[in-house]
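Read the structure below first, then the notes.
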Ligand SMILES: [Zn+2]
């Protein structure tokens, strides 16, 4: 199977953190009451449809070494549906936690507990190893779940060590991709200038034309 031909393998990695790139594995999110960004939302163009997509994303982000991806690919021939539900639940919990932080509101405890559940499993599989004169952390097994452990670990790291005033949600219509704004002036508005940035420019131009028709 050629993982790099899946739509998820073509995504732009604009998040700046592994967990944010994982949040961005959707075409977008549409709020049911568009003026109310606290209402329920639906996913537009879900990119995470099966465990092969999860592996393709790990290959794209290089979050797992290639040999581990190939081993998991062989083991996944029969598919594994429950891991995708867990992955999407974790992804949306991270999205909503970050969105609340961006809106300077308290995250929902239910979302924090979804993240904590994955973290507690993840850390029960982490062990210290000593090799070539150095200690480092290692996961005790290679499995599809490990991809979720890495994502949860990245989210914990983001929420506890990164300057959260740099966390942004793209200003594009129904985009809702997240990113860490590392620009000097902290003014980045778009996930990507080539996509949402350009669309916004076109919209601004059109509304100007409508106001001042020639
Ligand atoms: Zn965007």
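The values are calculated or read from the model by the stated rules, or taken from the named source; none is laboratory data. None of the values given here were measured: they were computed from a predicted structure. Here the Cβ positions follow ideal geometry from the backbone for every residue, glycine too, while neighbour counts run over all protein chains shown.
Somewhere in the range 126-134, is a residue in a helix (DSSP H, G or I) and either more than 16 Å from the chain's Cα centre (by Cα) or surrounded by 10 or more Cβ atoms within 10 Å (Cβ to Cβ) (or both)?
Residues of the range 126-134 in a helix (DSSP H, G or I): none.
Scanning the range 126-134 turns up no residue that is in a helix (DSSP H, G or I) and either more than 16 Å from the chain's Cα centre (by Cα) or surrounded by 10 or more Cβ atoms within 10 Å (Cβ to Cβ) (or both).
Based on what the data block shows, is residue 94 out of contact with any strand residue (DSSP E or B) (no Cβ under 8 Å at 6 or more places or on another chain) and either crowded, with 19+ Cβ neighbours inside 10 Å or within 22 Å of residue 64 (Cβ to Cβ) (or both)? First the steps, then the outcome.
Numbers: out of contact with any strand residue (DSSP E or B) (no Cβ under 8 Å at 6 or more places or on another chain): yes; either crowded, with 19+ Cβ neighbours inside 10 Å or within 22 Å of residue 64 (Cβ to Cβ) (or both): yes.
Yes; evaluated as a whole, the condition is true for this residue.
Have a look at 198, 173 and point out the one that is near the ligand (Cβ under 10 Å from one of its atoms), surrounded by 12 or more Cβ atoms within 10 Å (Cβ to Cβ) and either in a loop (DSSP other than H, G, I, E, B) or over 18 Å from the mean Cα position of the chain (by Cα) (or both). Before the answer, list the steps.
On the way: 198 fails: near the ligand (Cβ under 10 Å from one of its atoms).
Exactly one residue qualifies, and that residue is 173.
Can you name the condition, by its number, that residue 63 falls short on among (1) part of a helix (DSSP H, G or I); (2) out of contact with any strand residue (DSSP E or B) (no Cβ under 6 Å at 6 or more places or on another chain)?
Failed condition: (1).
In the set 157, 106, which member is at pLDDT 90 or above, more than 16 Å from the ligand (Cβ to nearest atom) and in a helix (DSSP H, G or I)?
Numbers: 106 fails: in a helix (DSSP H, G or I).
None of the others qualify; the one that does is 157.
Among 170, 175, which is touching a residue at least 40 places away in the same chain (Cβ under 8 Å), in contact with a strand residue (DSSP E or B) (Cβ under 8 Å, 6 or more places away or on another chain) and under 23 Å from residue 15 (Cα atoms)?
Details: 170 fails: touching a residue at least 40 places away in the same chain (Cβ under 8 Å).
So the residue among 170, 175 that is touching a residue at least 40 places away in the same chain (Cβ under 8 Å), in contact with a strand residue (DSSP E or B) (Cβ under 8 Å, 6 or more places away or on another chain) and under 23 Å from residue 15 (Cα atoms) is 175.
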